[in-house]
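Single-structure report; data block below.
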Amino acid sequence: MLEMHGVSRLFSSMNDMIPGYVVDGIVVGDGTIERKPEAVHSFCRALVRAFKFIREEEVEARKSLPYYTSVPEAVAMKCALREVSPDGREPLDLIRFQIGMIKLFSFLNNDMDIAKIIDYSFLPPPTPGWEEARREEIGFDEKEWLEALPRGS
C-alpha cells in the first residue's frame with residue numbers, strides 16, 4: 001500500500017528486514033529524516049490518525065481495504081485486524097520481548113539496543129499512562145506469554 005502512495009522509497013516495514021515474520025514498525029534512515037523531516041512528521045501523524053480510525057470505525061476501516069489492497073471485501077470484513085495502539089507506540093519492554101522471540105525462532109542473531117533505534121519524537125504527544133494502559137489492553141504478561149510458547153521452542 002505504501003507503494004501506491006509514493007512513500008515506499010522513504011519508509012520500509014520491519015517485515016522487509018525480517019522476511020516471514022510480521023512485526024509492526026516503520027524504519028526511516030537518518031538521511032531521510034534530515035532531508036525530509038516534515039514528510040516523516042506528516043507520515044507519523046497520519047499513521048496515528050489511521051490507528052484511531054481503525055479502533056473507532058472498524059467496519060468503515062474494513063470496507064476501505066479493497067480500495068487500497070487486493071483483498072476482496074468479503075475477506076476484509078472477516079479477517080483479523082491487528083490491535084493497534086492509540087498513540088502509535090509500544091512499551092519498550094514489550095518490544096524487547098518481541099525481539100527475544102524473534103531471536104528465539106532464529107530470525108535475528110544479534111543483540112540490539114532498541115533505545116538507540118526507536119524514536120517516538122515524531123509522533124504526537126502520548127496520552128499520560130499510555131504504557132501501562134497498552135500492557136493491560138493486550139494482556140502483556142511476559143511470564144505468562146513465555147509459558148504459552150509451544151514446547152521445544
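Some points to look at:
- Close pairs from the range 41-64: first within 12 Å of residue 85 (Cα to Cα) and free of Cβ contacts under 8 Å to residues at least 40 places away in the same chain, partner assigned to a helix (DSSP H, G or I) and not aromatic (Phe, Trp, Tyr), Cβ under 7 Å, at least 6 apart: 53/61; 54/61
- Meeting the requirement of 1 or more residues that are under 12 Å from the mean Cα position of the chain (by Cα), under 24 Å from residue 118 (Cα atoms) and modelled with pLDDT under 80, the helices (runs of 4 or more DSSP H) wholly within the range 1-97 are 14-17.
- Residue in the range 122-130 that is small (Gly, Ala, Ser), assigned to a helix (DSSP H, G or I) and at pLDDT 80 or above present: no
The values are calculated or read from the model by the stated rules, or taken from the named source; none is laboratory data. A quick note: this is a predicted structure, and the numbers were derived from the prediction, not measured. Don't worry about glycine lacking a Cβ; one is built from the backbone with ideal geometry, like all the others, and counts go over all protein chains shown.
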